[in-house]
Amino acid sequence: MKPNDHTWDAFSALSVADKAAALAREDGSPFHTLFSQQFDRAGLDRLCRLATVIRTLAKTRKGSDFLQSLLPHRRAMLYFTQPSSRTYLSFLTACQILGLRTGGVRDTSTSSEFKGESQEDSIRTFSSYFDMIIMRTREKGLAEKMAFALSKSERPVPIINAGSGKDQHPTQALLDIYTLQRSFERRGGLRDRTVMFVGDLARGRTVRSLSQLLLNYDNITQIFAAPDPLQIGDDILAELRAAGAAHFTTSDMRSHLPATDAVYMTRIQDEWDTKSGDSADIDTSKYKITAAEMSLCKPDTILMHPLPRRDEIATEVDSDPRAMYWRQMRNGMWIRAALIATTFSCTTRILEYYENN
Ligand code: CP
């Protein structure tokens, strides 16, 4: 079943697994990166290993020159119509590491969408000039819709979803997994761990995508700590149940801190409020981390946050060695470089160069 056998309405009604299969390459490997459900354990391990190799090579002039020699003939389009610092800049620098040239649109008021051009025509226009489109949008499902539209065109270039609506942020989940793997690699690996998600879980796409990726690891307990109106969606809970994954929801973050291996904080996503002040009426005072909360955690618990933060992690915690969020952010550049290299089939060249130098 390939996308050009379908109308968009029929395609959009497929399961995520069937959509991913329909949009895959001939050999079944991912062409686009749209959903976190596209990744299995073997693929995650390969990507994390490649990220570490790229990180190591980029430390020297010789290794950096080699990486930049890989893709100077490719161009990537950064189509970010929703605000971003980290994802935008880490993709930009990941492209630079691999020698890709980049161009971008960050505001539809500066592109011909402002003149009424459809999103489908805009994407076809971008694909005429670029070999990859990295896109962040406010609209849920737009990345897959554009991948579907391009699959019917003469230039079906790969699309990477850099955050879509409240639903998916698969590359954030990749960098989170990479951070978790690195943090636990000398302590038995990422298995038999408890991960607690805290904050606005109802509207946090990073939590939704990471929760899915964690299903690839053995014996991970997922705790969702939030006030009731901001609790994780029933669809995610249903997927965890179906996968047989240990999980529970709670409104009591503090009591679970001593047994948690990784605390994943998130901010209130009030950009999604339907009327001004919606979130401001919710009491979130119990969902903040200061030095006092850190004193309840184990000595080797790690504290993560996709960032940006507001006041949910006090700045006094930044100097705590368990605070992982700045390293987590930088990991984004390496894992995104690994993803782009994989998308353009450079993995073998990079690994061979690394082994021989
Ligand atoms: N974590 C994340 O997506 O950050 P930005 O919104 O700054 O890209």
_Enumerated helices (runs of 4 or more DSSP H) restricted to the stretch 129-230, each holding at least 1 residues that are within 14 Å of the ligand (Cβ to nearest atom) and under 16 Å from Gly332 (Cα atoms)_ = 170-184, 205-213
*Is it true that some residue in the stretch 324-332 is in contact (Cβ under 8 Å) with a residue 12 or more places away in the chain, closer than 28 Å to Leu257 by Cα, away from the ligand (no atom under 16 Å from the Cβ) and touching a strand residue (DSSP E or B) at 6+ places or on another chain (Cβ under 8 Å)?*
no
_Please verify whether Thr290 is of a type outside the set (Gly, Ala, Ser), at pLDDT 95 or above and over 30 Å from Val16 (Cβ atoms), treating the condition exactly as stated._
yes
*Does the stretch 277-289 contain any residue that is of a type in the set (Lys, Arg), farther than 14 Å from Gly199 by Cα and open to solvent by 20 Å² or more (accessible area, probe 1.4 Å)?*
no
*Within the stretch 101-128, track down each residue that is more than 20 Å from Ser12 (Cβ to Cβ) and not in a helix (DSSP H, G or I).*
Arg101, Thr102, Gly103, Gly104, Val105, Arg106, Asp107, Ser111, Gly116, Glu117
*Selection from the stretch 42-88 of residues that are open to solvent by 20 Å² or more (accessible area, probe 1.4 Å), free of Cβ contacts under 8 Å to residues at least 60 places away in the same chain and within 14 Å of the ligand (Cβ to nearest atom)*: Thr81, Pro83
*Mind counting the residues in the stretch 290-308 that are surrounded by fewer than 17 Cβ atoms within 10 Å (Cβ to Cβ) and not hydroxyl-bearing (Ser, Thr, Tyr)?*
7
*asked:* Consider the stretch 103-120. How many of its residues are within 16 Å of the ligand (Cβ to nearest atom) and open to solvent by 60 Å² or more (accessible area, probe 1.4 Å)?
replied: 2
_I'd like to know if the stretch 252-269 contains one or more residues that are in contact (Cβ under 8 Å) with a residue 40 or more places away in the chain, of a type in the set (Phe, Trp, Tyr) and either surrounded by 13 or more Cβ atoms within 10 Å (Cβ to Cβ) or closer than 27 Å to Ile236 by Cα (or both)._
yes
*Could you figure out which of (1) of a type outside the set (Phe, Trp, Tyr); (2) open to solvent by 70 Å² or more (accessible area, probe 1.4 Å); (3) within 22 Å of Gly332 (Cβ to Cβ) isn't true of Asp5?*
(3)
_Close pairs from the stretch 291-309: first within 16 Å of the ligand (Cβ to nearest atom), partner among the acidic types (Asp, Glu), Cβ under 8 Å, at least 6 apart_ = Leu303/Asp320; Met304/Asp176; His305/Glu312; Pro306/Asp176
*Kindly indicate the residue of the stretch 15-52 that is charged (D, E, K, R) and not in a loop (DSSP other than H, G, I, E, B) and also nearest to Ser209 (Cα to Cα) among those meeting that condition.*
Arg41
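The values are calculated or read from the model by the stated rules, or taken from the named source; none is laboratory data. Bear in mind the structure is a predicted one, so any value in this text is a computation, not a measurement. Please note: Cβ atoms are built from the backbone with ideal geometry, for glycine as well, and neighbour counts cover all protein chains shown. Please note that ligands, DNA and RNA were not included when accessible areas were found on the heavy atoms of the full protein model with its side chains. Shrake-Rupley method; radii C 1.70, N 1.55, O 1.52, S 1.80 Å.
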